[in-house]
Structure formats: C-alpha cells, structure tokens
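Here's the structure we're looking at; comments come further down.
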Amino acid sequence: MCGIVGYIGHRKAYPIVLNGLKRLEYRGYDSAGIAIYDGNELKFSKTKGKVADLESKIEADISTQGTIAIGHTRWATHGVPNDVNSHPHFSNSGDLVIIHNGIIENYEPLKQELKNRGYTFQSDTDTEVLVNLIEDVQKKEGVKLGKAVQIALNQTIGAYAIAVFDRRKPNEIVVARLGSPLAIGVGDKEFFIASDASPFLEFTKNAIYLEDGEMAVVRTHKEMKVRKIHDDSLVDPYVQELQMNLEQIEKGGYDHFMLKEIYEQPDAIRDTFRGRMLVDQGLIKMAGVDDHIDKFLNAKRIIVVACGTSWHAGLVAEYVFEELARIPVEVEYASEFRYRNPVIDKDDVLIAISQSGETADTMAAI
C-alpha cells in the first residue's frame, strides 16, 4: 500500500504535496519522493525513509518553486526500499514521470519486451516498467498522453492508482484507477489528486472518487474528462461534497496512526454492527437485501483465505465468528491454497482478505 498526492493549479505545489504525503504516511513509510515542474524543468527528489527524511533532503536538493507537483510515500512491494526504487519514476527519455499505488502483475514480460526494444531500467519496480510502456505507446501510436495511458493500461494485469505527467505538455495530469483508491479534489481552476481526501480538505470540499476502471485527464485550461479505460467511453463524473474535517483524519493526539486506529476499533466495530448487523443472544444476523445474505446465514463453514497481516486478520475473524455465530472457520494461507484442489461444499462461504503485496496470491487462490 502506498500514498499518492498531486496538485495542478495556481498555488505553490510543494507545500500542498508535502503536507499531503504526511497525512498519507499511514499508507507507507519506507520511502518517499516528489517531482515538481517549475515551468521550465522537471525537478525531483526521493529517498529511503519517511516523509520527514524527504523534507530534509528535498530543500537541499532542488528548488521547490512550481505550481504542478506529484508525490509518493511507499510501502515496498517490488524492489527493496531504497533511493532508486522510490517513486516518482521516469521514462527513459525523462519526459514522463509517474507515481503508482498497486501492483502490475505482468510487469516481467512487459519489461522483457521493452528491453528488446532498447529500453533500460534503473530500478527493480513494476512502476518503472509501466511509465516506459506508456512512453513506448506514445512513440509507436503517435498519440497524446491520455490515450497512451489508456492503451498501456489495457495491456497490464494488476491493480493501480496512478498519476502521470508529461513535461512536454505541462498543463495536465493523467490519473487512472483499478483496485486502488483515487480521489480528485475540485477547486477553483485547480485540482488535487490523492489516495484519500485528507491532503486537500482545507482547500476544497468537492471531490470526485474515480470508480474502478476509470481514468481522467485533469487540466486547468479545459474541462476535466473522465473515461472508461477499457473502451474510452465518456463518464459523467459525480462531484460530491465531503462531510469530513481535518480533526477526523489527523492523528487525534496519538503518536502514530496505527495507535489511533487501534483505539478507534471499538467505535468502528459498534458502528459496523449498528449499520449492518444485529447481535442477538450470541448470533450474528446479517441485515439487508443483498443476494448473498441467505448464503451467509445458511453457511455450514467459513473459509478465510489471506496472506501476511491479512492472514492475522483472518485469525481474528475466526475467533469472532466461532464465538458469536458458532460456525466453524478455517483460515488458509492464500499462497498455499492457490495450488490445491480444495474441498468446498455448496454450503461453505469463502472470504478473501487482501492487502498490497499479497494481492496476486489471493486473487489466484480465489
């Protein structure tokens, strides 16, 4: 899991992106980086470590002037956490720069194909493969950045939330989403891009949440366009008014976001049960009209498939369901389950839990 932030507009971009990364550091904190366009040059700085380490480094490395910038805070999946593997990543020409949350599962064959065409790679990441694939499409097809992103993404398998910038066309940022969250804050002749709304709440309450399989060309000189990635069809975006405030999303007095989330769990669980479940005499009854509710209520066995810390979450689920619902639960490693021919009855319910890093195994297990 990683956090991405971007800004294009009339304000100084650097402090907006930097503060946004600080708010998204709960999504990843082993490396961070920022790229800034100052009107002439595309400058960047990135480093292993936390956003505070980037802040110390960036102001010594480069000028922070500019009204367009993208930034990233990373939890490493492909490639160890070091300066080279940190985002942003550039294409071979240096014209394109990208930030990415997610996993491109077929990056290895794509990388080999690009190598055969003369591309070289500095990092071990799947993200550097993606940005060079976009550049290759631009060159071969002679298309603009937005179209190149769409064509390239239709060649990929995996999950992503991305923001791509082309220094040759410095009035737009192209964003896309599949399986990873992406919000666009809509201001007055300015736009904010982020993994959640926290980086831009003090600037605008209007936000568009891209749906899976959607992309947008965010630009200050023209109307923003949202399209479906698979067929390039136009989408009418829904702009919603956010009800959150900064106090709700900040650490709330806790030293770490993880501590905050731990102490908020009782309220979160109570809200969940109040909204979707009723607990009565030790039985959980699902409330709603979903087609799968009867299947869940009649389950003879629950199988939880997961990896990593998601597997540990499955162990907690095992305790809760067996204690309250008196339904037997089995928790399986997805990385082993995917290679088996498991015995699953029609009255069994399988629940998959995933996080960035283990998504491929979990999807294969399903």
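Read-outs throughout are calculated quantities, based only on the coordinates presented, and are distinct from any laboratory measurement. The structure displayed is predicted, hence computed values, not measured ones. Cβ: placed from backbone, ideal geometry, glycine included. Neighbour counts: every protein chain shown.
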Which entries in LYS12/LYS225; LYS57/LYS115; LYS111/LYS189; LYS115/LYS222; LYS12/LYS169; LYS22/LYS57 show an alpha-carbon gap greater than 26 Å?
-> LYS57/LYS115; LYS111/LYS189; LYS115/LYS222
Simple label model, 7 Å out from Cα along Cβ direction - TYR238 to LYS139, nm = 4.2
Hits in the range 193-236: amide N under 20 Å from the 7 Å Cα→Cβ extension of ASN245, namely 197-207
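Calculate, for ILE157 and ASP347, the FRET efficiency according to 1/(1 + (r/R0)^6) with r their C-beta to C-beta distance and R0 30 Å; round to the nearest 0.05.
Using R0 = 30 Å, I get an efficiency of 0.35.
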Arrange the following residues from fewest to most other Cβ atoms within 10 Å of their Cβ: PHE321, PHE165, PHE296.
-> PHE296, PHE321, PHE165
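Of the GluC sites (Glu not before Pro) in the range 130-207, which ones lie in a loop per DSSP and count no more than 16 other C-beta atoms within 10 Å?
Working: sites: GLU135, GLU141, GLU172, GLU190, GLU202; in loops: GLU190, GLU202.
Qualifying residues, ordered by number: GLU202.
What does the extension gain come out to for ASP124 and ILE262, with contour length at 0.36 nm per residue minus their alpha carbon separation?
Extra length from ASP124 to ILE262 when fully extended: 46.3 nm.
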Run the numbers on the chain and let me know its relative contact order in percent, using alpha-carbon pairs under 8 Å that are six or more apart.
-> 13
With a Cα-only, solvent-free Debye model of the range 18-176, what are the log10 I(q)/I(0) values at q = 0.11, 0.15, 0.19, 0.20 Å⁻¹?
-> -0.40, -0.75, -1.22, -1.34
Computed over the Cα atoms of the range 24-92, the Rg and Dmax in Å are 11.7, 33
Against the globular-protein guess of 2.2 N^0.38 Å, express the Cα radius of gyration of the chain as a ratio, rounded to two decimals.
-> 1.06
Most exposed first, judged by fewest Cβ atoms within 10 angstrom, THR362, THR47 run THR47, THR362
Distance in nm between SER63 and LYS222 label points, each 7 Å along Cα→Cβ, equals 2.9
Hey, fewest Cβ within 10 Å first, where do PHE192, PHE44, PHE203 land in order?
-> PHE203, PHE44, PHE192
Nearest-0.05 FRET efficiency for LYS169 and GLN355 at R0 = 35 Å, using Cβ-Cβ distance, is 0.50
Over the range 132-226, calculate the relative contact order: mean separation of alpha carbon pairs under 8 Å at least 6 apart, over the residue count, as a percent.
-> 23
